[in-house]
1. Residues of segment 189-215 being open to solvent by less than 30 Å² (accessible area, probe 1.4 Å) and touching a helix residue (DSSP H, G or I) at 6+ places or on another chain (Cβ under 7 Å), which ones?
2. Residues in segment 370-377: is at least one assigned by the TED database to the domain that holds residue 290, among the aliphatic types (A, V, I, L, M), within 16 Å of the ligand (Cβ to nearest atom) and surrounded by fewer than 15 Cβ atoms within 10 Å (Cβ to Cβ)?
3. Residue 68 versus (1) assigned to a helix (DSSP H, G or I); (2) open to solvent by less than 50 Å² (accessible area, probe 1.4 Å): which is the lone unmet condition?
4. Out of the residues in segment 160-179 that are part of a strand (DSSP E or B) and open to solvent by less than 10 Å² (accessible area, probe 1.4 Å), which is farthest from the ligand (Cβ to nearest atom)?
5. Within segment 332-343, is there a residue that is touching a helix residue (DSSP H, G or I) at 6+ places or on another chain (Cβ under 7 Å) and closer than 24 Å to residue 137 by Cβ?
6. Could you identify the single residue in 136, 149 that is surrounded by fewer than 18 Cβ atoms within 10 Å (Cβ to Cβ) and within 16 Å of the ligand (Cβ to nearest atom)?
7. Assess whether residue 63 counts as being more than 25 Å from residue 351 (Cα to Cα), aromatic (Phe, Trp, Tyr) and not assigned by the TED database to the domain that holds residue 225.
Amino acid sequence: MTTTDHLGTYRSKARAFLETHAGQYGWEARRNLSLAEEVALAKRWQGVKAANGYAAITWPKEFGGAGGTELEKIIFSTEEAQFGFPAGLLAITLGMPVPMMLHHATPEQKQRYVPPAVRGEEMWCQLFSEPGAGSDLAAARLRARRDGDDWLLDGQKTWTSYAQFCDFGILVARTDPDAPKHKGLTFFFVDMKAPGVTVRPIKLLHQHEDVNEVFFDNVRIPDANRLGAVNDGFRMAILTLMMERYVAAASDDGPPLQALIDLANARKLRGRPAIEDGRVRAAIAHAYATQRGLSAIHERALEELTAGREPGAEGSIHKLAAARERHAMATLALDLMGPSGVAYDSHAKTRTDYMMSWIDGPTLRIAGGTDEMLLNTIAERILGLPQDHRPDKAPR
Ligand SMILES: Cc1cc2nc3c(=O)[nH]c(=O)nc-3n(C[C@H](O)[C@H](O)[C@H](O)COP(=O)(O)OP(=O)(O)OC[C@H]3O[C@@H](n4cnc5c(N)ncnc54)[C@H](O)[C@@H]3O)c2cc1C
């Protein structure tokens with residue numbers, strides 16, 4: 001069987017599996033659920049995927065994965081996205097923290113932590129950002145002090161997605177306050193239920209409590225919870241962030257372009273269908289051109305993967321363009337809808353509701369790398385422009 005035949009068969013089988021479960025776990029099942037209920041549904045859905053060979057598709061079978069290829073994973077997630085399954089709630093767990101465990105933990109730790117996450121039984125968060133350290137991750141100040149065979153953690157993290165539901169988290173902590181800031185950090189994982197960990201929700205503009213402040217008050221963790229060498233945490237964190245860009249790139253889930261075209265046909269501007277207005281047509285044409293460009297980038301990344309190579313900075317370009325376009329489309333849609341556009345339904349989904357897509361737009365343009373940071377990456381890594389001024393990297 002050729003690769004193309006194999007992938008065609010894989011896609012048909014995956015689609016049949018997804019169609020069977022859409023009613024129980026897809027859009028309809030999620031309507032009107034609270035965030036806690038959605039998380040519970042997402043964990044159950046992950047269990048169903050694990051039992052059928054569709055969880056952690058590229059990971060080794062010995063850790064509960066399906067031992068499949070990168071292309072199979074992409075095909076499955078593209079199909080999965082059409083039905084509105086709650087996979088995004090576990091995207092962090094399976095996108096960054098657990099892959100870091102898979103690469104850097106001891107064999108015993110991998111056996112302990114990876115399979116339960118693959119089955120959706122345990123959830124992980126990423127505790128990187130602090131009030132003064134978001135884009136500038138190296139400025140992290142949460143302190144880890146050595147105490148015999150243990151470490152004691154003190155300080156604060158913030159913007160931690162789903163921390164209130166998580167069992168474990170990965171973090172960077174300052175272990176040498178006297179070293180230059182990129183050199184004094186160490187990478188750990190922590191039990192989120194350990195004594196001294198406090199999670200406080202932050203309400204976002206749409207009133208959802210996806211993100212949290214997390215406080216560490218003398219939290220004791222064993223040295224075995226360290227991943228990588230002492231004071232090598234910044235490098236480890238950058239490895240994690242490179243994975244994050246790919247995860248974030250996959251989440252441009254606003255309403256499809258056809259919905260905007262239908263809206264422009266249905267709404268009137270000065271007594272005529274809005275689709276006849278030159279500015280509306282130009283905006284739709286722009287969105288179409290962007291989407292075609294993004295598909296081309298996506299196809300190229302797939303070809304690189306098929307040829308056994310790593311794609312380059314496609315993730316950064318994809319995330320930047322997709323997040324901006326989604327926000328622009330939602331803004332235009334709300335303009336066309338007039339007063340009815342601002343009616344707010346807290347249970348609406350970004351994929352089907354322009355108000356929710358618009359309110360949520362800025363978060364997508366901040367989380368997983370801000371627009372400005374992605375522009376810097378593209379300028380330096382793709383266009384080869386001179387590096388941005390980095391006074392913080394100068395020796396002290
Ligand atoms: C919904 C959501 C979920 C999140 N989830 C998590 C999570 O699970 N775990 C986690 O650790 N963090 C999470 N974050 C935090 C996110 O990673 C940070 O908000 C992000 O890195 C930006 O950092 P900051 O908020 O400190 O802004 P800053 O870094 O202070 O940036 C402020 C502004 O300055 C710009 N800027 C900063 N430095 C430069 C530069 N060198 N060149 C040009 N412009 C610059 C930025 O682009 C931005 O516009 C989440 C954020 C959101 C919104």
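1. Within segment 189-215, 189, 190, 192, 206, 212, 214 meet the criteria.
2. Kept after step one, since they are assigned by the TED database to the domain that holds residue 290, are these residues of segment 370-377: 370-377.
From the residues that got through so far, the ones that are among the aliphatic types (A, V, I, L, M) too are 373-375.
Those still in the list that are within 16 Å of the ligand (Cβ to nearest atom) too: 373-375.
The next check asks that each one be surrounded by fewer than 15 Cβ atoms within 10 Å (Cβ to Cβ); those that pass are 375.
Yes, segment 370-377 contains a residue that is assigned by the TED database to the domain that holds residue 290, among the aliphatic types (A, V, I, L, M), within 16 Å of the ligand (Cβ to nearest atom) and surrounded by fewer than 15 Cβ atoms within 10 Å (Cβ to Cβ).
3. (1)
4. 173
5. For segment 332-343, residues touching a helix residue (DSSP H, G or I) at 6+ places or on another chain (Cβ under 7 Å) and closer than 24 Å to residue 137 by Cβ: absent.
6. Details: 149 fails: within 16 Å of the ligand (Cβ to nearest atom).
Unique residue meeting the criteria: 136.
7. Values: more than 25 Å from residue 351 (Cα to Cα): yes; aromatic (Phe, Trp, Tyr): yes; not assigned by the TED database to the domain that holds residue 225: yes.
In short, yes.
To keep it simple, each residue is scored yes or no on (1) at pLDDT below 95; (2) within 8 Å of the ligand (Cβ to nearest atom); (3) of a type in the set (Val, Ile, Thr); (4) crowded, with 21+ Cβ neighbours inside 10 Å.
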site	(1), (2), (3), (4)
102	yes, no, no, no
112	no, no, no, no
115	no, no, no, no
140	no, no, no, yes
153	no, no, no, yes
158	no, yes, yes, no
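The values are calculated or read from the model by the stated rules, or taken from the named source; none is laboratory data. It should be emphasised that the depicted structure is a prediction, and the values quoted were computed from it without experimental measurement. Because the Cβ atoms are built from the backbone with ideal geometry, glycine has one as well, and the counts that use them run over all protein chains shown. In case anyone asks, the SASA skips ligands and DNA or RNA and just uses the protein heavy atoms, side chains included. Shrake-Rupley method; radii C 1.70, N 1.55, O 1.52, S 1.80 Å.
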